[in-house]
1. Under the condition of being surrounded by 10 or more Cβ atoms within 10 Å (Cβ to Cβ) and among the aromatic types (Phe, Trp, Tyr), which residue from region 28-70 is nearest to residue 13 (Cα to Cα)?
2. For region 2-10, does any single residue satisfy the condition of being touching a residue at least 40 places away in the same chain (Cβ under 8 Å), surrounded by fewer than 10 Cβ atoms within 10 Å (Cβ to Cβ) and not polar (S, T, N, Q)?
3. Any residue at all in region 30-47 that's of a type outside the set (Lys, Arg), part of a loop (DSSP other than H, G, I, E, B) and away from the ligand (no atom under 16 Å from the Cβ)?
Amino acid sequence: MKYTCKKCGESRFFYVTVSVAAKQRIDLKEGSRHGIVYDIEPENIDGFYEDVIYCGKCDEQVDMEEWEEYQF
Ligand SMILES: [Zn+2]
C-alpha cells in the first residue's frame, strides 16, 4: 500500500472518521441547554465512515480512485 497526498506529500498517516459513544450534559438552570461532551469512549466505536479517507497531516481528502488502485 502506497499513497502520497497530492497537497502536502504525506505518505504514511491517513484517517477515517468514526463515531464513538459519549455523553452530552444537559443543563436545566436557564432552560434546557446541551453543553459539554464527556465520557468519550474511544474503544466503543459505533460507526465507521470509511468511504472518505483524509490525510493525517493536512486533512486533504484522499483521491479514492487512486487509493483503491494502490490496494492491489
Ligand atoms: Zn496532506
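1. The qualifying residue nearest to residue 13 (Cα to Cα) is 54.
2. yes
3. The answer is yes, given that some residue of region 30-47 is of a type outside the set (Lys, Arg), part of a loop (DSSP other than H, G, I, E, B) and away from the ligand (no atom under 16 Å from the Cβ).
Throughout, read-outs are computed from the coordinates displayed, never taken from laboratory work. Keep in mind the model is a prediction, meaning the values are calculated, not measured. For neighbour counting, all protein chains shown are included, and Cβ atoms are generated from backbone atoms with ideal geometry for every residue, glycine included.
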